[in-house]
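Have a look at the structure below, then the notes.
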Amino acid sequence: MGRFEQVTPEGPETNQHDEQRSIRLHAFSDLSHVPAATFIYLLKDCYGYGTPTNKLHVSLFILLHLLKSTLLLILFHCSDLLLTFNSGTNKATSKFKILMQLVKVALHNGPQPGPFTYVVQCMYIVPLLGKTYSEGFSHMLTSSLKHLKSVESAQKDFLEAKHLAAQLVLDILDSIVPHENRILVKLLETFEIELRDMARALYDSELDDGDLMKAREHLRQQVKRCMESESNALAVTLITHFSIQCCDESFIIKLIKNNQLEIAEQCAIFMGKEMISLVVQKYLDMKMLKSANKLVKEHELTEEFPDVSYLYKESSVKKLAEKGCWDIAETRAKKDTKLLEYLVMCVHIGTINVLSDPNLFEQLGTIYIFKKVHIICYLFCIDYISILDALIYHVQAVPEKVFCVSDYLDLKKLDVEEIVWVDEINGLLNATSDIEACKIIGMDCEWRPNFEKNTKSSKVSIIQIASDKIAFIFDLIKLYEDDPKALDSCLRRVMCSSKILKLGNVMYL
């Protein structure tokens, strides 16, 4: 009574699974007598049968693999409460990550003659498992070696394994070992294979300059084969990795036409400024100003392309204005007088484009569009009234299905007789009298955008007050400069009046 007992199913299948798991754990804990072929088979078996899923379980799983021989097996058989295995239905990504941790640990456990050579041996065997496992396991094995490069005891094996990895690369290029091109590139990077390693793999002798030249020529022929088979990414990798001069302007143009732009850039950078300039010009012809500007900046081609930076900024501002993102457009253009002038020209065009796009119009809304146009007109001294007339005309041309009665006012049904811009004292006094005669008014306000971090928000610069017949737009900055007392008096008369119902936003004056 009171004692907890674990009930576990028993039978031939359970015993068989326990034995298999024991074998795998024991093998991974000591690779000194485990051939590469056996290791790959057990790895495949681990992937197919299942791996720990919980993070705690993963840690315990790895810990068990660090333990040796008898102690490991004893703990394994007592760990059913701690370790849970999933069936092969577990997601491949989760299983892959966990298995990769297992491989990293295993490569510390005495693989012979060393971890790097051992992995090269495994890479010859992995393709025999078929495409289902080949690329994933190859990626797992090569990635697991990264942390071993800094281990002093593995340095000798790393140097000795380089020419074996070079031989594997040659075998892949000759289609003797069927690995994907991505794996070949990963081998070049992981083992830091140089031309000398390739020459040693090819000729296996005391190397001289003649052997290096012959090795480069051999690789040049491989590059040409890659080009003929349209394996352009691999061709460019070999060209840049081994400094092989075997491509010209026509190859780069071909890459650009095939939309292999990143590869074209890599090849052009390897070939020098003349080819980079060619790519920049092609980008300009294709209106890819962002990519062109990036290359010009990175490779100091401002003298050759002095206008690219401005053209890119201009294009960026134009796109933002056309989409109605005027705040961002102004931020981009703020310190450049030419760009500010260009932004002003884009305001009207951008507004019309917004209004003619039903989806964008529905997303932004009528009020948002009018407010942003109002701000931009004020900041850059544009005639707001003329722009407003154009806006109303284009709003009326927008398909009716864009409008939702519950969300937007129908401008056709509004009977606004006049819109008055108030920026002088007489106009202020007249507007105040007209407003005091109203029972209900709508109010809104605008203020200059604040572009400096950690500073107080700018105060209101424009107030809009409207009745059902007339709308007043007050230029507070101009009125305050002319007569601050008159402005204060008029605002108090309106704001403090108990006879007027005021609807609108809170204003921070």
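Here, each number is a calculation from the coordinates, and none is a lab measurement. Being a predicted model, the structure only gives us computed values, none of them experimental. Heads up, the Cβs are rebuilt from the backbone with ideal geometry, glycines too, and the neighbour counts pull from every protein chain shown.
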Testing the spin-label approximation: label points 7 Å from Cα along Cα→Cβ at residue 143 and residue 231. State their distance in nm.
2.3
Interchain or long-range residues, amide H under 5 Å from residue 422's placed H:
473, 474, 475
For region 171-212, what number results from the quotient of the Cα radius of gyration and 2.2 N^0.38 Å?
1.29
Burial-style ranking of 244-250, 163-169, average other-beta-carbon count within 10 Å with highest first, yields 163-169, 244-250
Pairs over 18 Å Cα to Cα, from 146/186; 131/162; 478/502; 254/294, come to 131/162; 478/502; 254/294
For residue 470, distant residues with modelled amide H under 5 Å away
417
